[in-house]
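Engineer: Okay, handing you the structure first.
The values are calculated or read from the model by the stated rules, or taken from the named source; none is laboratory data. Please read these numbers as outputs of a predicted model, since none were measured by experiment. So basically every Cβ, Gly included, is an ideal-geometry build from the backbone, and we count neighbours across all protein chains shown.
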Amino acid sequence: MTEHLNRALAPITERAWERLEDEARQLMIATLAGRKVVDFIGPTGWSTSSVDVGRARALEAPPIGNVTASIRVVQPLVEIRVPFELSRAEIDAAGRGAREIDLDPLLDAARLISNSEESCIFYGYQPADIRGICETSIGNAVDLPESFEFIPDAIAVALEGMRARGVGGPFALLLGPEAHEDLLKATHQGVYPVLEHVRKQIDGPIVRAPILDGGVLLSMRGGDFELTVGQDFSIGYLDHNARSVELYLEESFTFVTISPEAAAPLRNRRSTNV
């Protein structure tokens with residue numbers, strides 16, 4: 001159901017809506033890293049309000065008499081919204097099929113809402129009861145080396161820790177932009193690409209994660225990290241005048257770290273995030 005987005009009230013043609021959605025989607029594909037490596041549930045719809053975490057909390061006072069009572073524990077979905085404004089001239093040009101149009105406000109909003117989801121997955125969001133991967137697994141952290149020629153040594157330490165905790169693979173390696181670039185450039189003794197060595201070590205994907213400072217190694221065996229999406233990223237309508245249209249990007253989701261032992265943050269020595 002998308003009626004709450006009020007798109008029927010917007011002065012935007014179907015062709016223009018498709019262009020806006022396609023532009024936002026392309027940026028999100030390049031930005032979103034967490035979805036590539038954690039369990040993804042959804043989209044379950046705008047009406048989804050919480051997920052069951054399988055626990056119950058005892059209540060102090062029974063309803064009547066000599067009985068006990070508990071209440072089921074659920075984790076609510078958080079709604080994230082980013083407003084933006086587009087020129088009607090540019091929207092009309094999109095509807096006519098123009099190739100070059102100014103959609104920077106849309107792209108900025110798409111980047112911001114994507115980074116919001118990523119930040120929740122990796123670093124948590126306490127007001128929404130979300131505990132992120134790097135937050136819950138900080139005790140498993142391994143320092144990245146100063147020279148990425150030696151990153152296989154750090155990954156070997158992280159992998160050995162995983163196996164000692166009973167965690168199997170395959171494993172995914174997520175790196176922030178600086179660390180990812182350093183890995184791509186690194187060679188062993190100036191000859192063999194370190195990237196190829198790392199690929200053999202983890203037997204899984206190497207993913208660039210723009211939100212990360214440093215990185216994280218995690219298991220992709222399944223059942224350890226769960227992203228539940230109610231309404232996936234959608235564009236909604238707020239208002240318009242003769243010159244511009246007020247829109248917004250919106251998503252509802254929550255994230256649950258089930259097994260903190262299945263991840264190991266890779267910590268930049270100068271980092272304050274992990």
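Engineer: Which of (1) under 25 Å from Thr254 (Cα atoms); (2) aliphatic (A, V, I, L, M); (3) free of Cβ contacts under 8 Å to residues at least 24 places away in the same chain is the odd one out, the single condition Ile113 does not satisfy?
Structural biologist: Answer for Ile113: the failing condition is (3).
Engineer: Also, I was wondering about something else. I'm checking my understanding of the structure. Among residues of segment 72-102 that are among the small types (Gly, Ala, Ser) and in a helix (DSSP H, G or I), which one is surrounded by the fewest Cβ atoms within 10 Å (Cβ to Cβ)? Let's see the steps before the verdict.
Structural biologist: Going through segment 72-102, the residues among the small types (Gly, Ala, Ser) turn out to be 87, 89, 93-95, 97-98.
Imposing the further condition that a residue be in a helix (DSSP H, G or I) reduces the set to 89, 93-95.
Details: Ala89: 12, Ala93: 17, Ala94: 24, Gly95: 18.
Filtering first and then ranking leaves Ala89.
Engineer: For segment 33-82, how many residues are modelled with pLDDT of 95 or more and of a type in the set (Asp, Glu)?
Structural biologist: 2
Engineer: Follow-up question, since we're still on this one. Please identify the pairs in which a residue from segment 227-253 that is without any contact (Cβ under 8 Å) to a residue 40 or more places away in the chain and among the charged types (D, E, K, R) has its Cβ atom under 9 Å from the Cβ atom of a residue that is surrounded by 19 or more Cβ atoms within 10 Å (Cβ to Cβ) and in a strand (DSSP E or B), counting only partners at least 6 apart or on another chain.
Structural biologist: Going by the 9 Å Cβ cut-off, the qualifying pairs are Asp239/Val245.
Engineer: Check Arg243, Arg221 and return the single one that is over 25 Å from Arg165 (Cα atoms) and either more than 18 Å from the chain's Cα centre (by Cα) or among the charged types (D, E, K, R) (or both). Quick ask: steps written out before the conclusion?
Structural biologist: On the way: Arg221 fails: over 25 Å from Arg165 (Cα atoms).
Among Arg243, Arg221, only Arg243 is over 25 Å from Arg165 (Cα atoms) and either more than 18 Å from the chain's Cα centre (by Cα) or among the charged types (D, E, K, R) (or both).
Engineer: Give just the number: which of (1) surrounded by fewer than 13 Cβ atoms within 10 Å (Cβ to Cβ); (2) touching a residue at least 60 places away in the same chain (Cβ under 8 Å); (3) in a helix (DSSP H, G or I) does Arg163 not satisfy?
Structural biologist: If we test Arg163 against (1) surrounded by fewer than 13 Cβ atoms within 10 Å (Cβ to Cβ); (2) touching a residue at least 60 places away in the same chain (Cβ under 8 Å); (3) in a helix (DSSP H, G or I), just (2) comes out false.
Engineer: Could I ask something else about it? With (1) exposed (fewer than 14 other Cβ atoms within 10 Å of the Cβ); (2) at pLDDT 95 or above as the list, and Pro105 as the residue in question, which single condition is left unmet?
Structural biologist: (1)
Engineer: Could you please find all residues in segment 15-40 being among the aromatic types (Phe, Trp, Tyr) and under 22 Å from Phe122 (Cβ atoms)? Give the derivation first.
Structural biologist: So in segment 15-40, the residues among the aromatic types (Phe, Trp, Tyr) come out as 17, 40.
Within segment 15-40, just Phe40 meets the criteria.
Engineer: Which one is surrounded by the fewest Cβ atoms within 10 Å (Cβ to Cβ) among residues in segment 114-160 that are more than 24 Å from the chain's Cα centre (by Cα) and among the hydrophobic types (A, V, I, L, M, F, W, C)? Step through it out loud before you land on a result.
Structural biologist: First, the residues of segment 114-160 that are more than 24 Å from the chain's Cα centre (by Cα): 145-154, 156-157, 160.
Now narrow it down to the ones that are among the hydrophobic types (A, V, I, L, M, F, W, C): 148, 150-151, 154, 156-157.
Numbers: Phe148: 21, Phe150: 14, Ile151: 24, Ala154: 19, Ala156: 12, Val157: 15.
The selected residue is Ala156.
Engineer: Being of a type outside the set (A, V, I, L, M), more than 17 Å from Asp129 (Cβ to Cβ) and loosely packed, with under 15 Cβ neighbours inside 10 Å is the filter here, so list the residues in segment 41-59 that pass it. If you could, list the steps in order and put the result at the bottom.
Structural biologist: Looking only at segment 41-59, we keep the residues that are of a type outside the set (A, V, I, L, M), and these are 42-50, 52, 54-55, 57.
Imposing the further condition that a residue be more than 17 Å from Asp129 (Cβ to Cβ) reduces the set to 42-47.
The answer is Gly45, Ser47.
Engineer: If you go through segment 167-202, how many residues are in a loop (DSSP other than H, G, I, E, B), out of contact with any Asp or Glu (no Cβ under 6 Å at 6 or more places or on another chain) and either over 22 Å from Asn140 (Cα atoms) or at pLDDT below 90 (or both)?
Structural biologist: Number of matching residues: 3.
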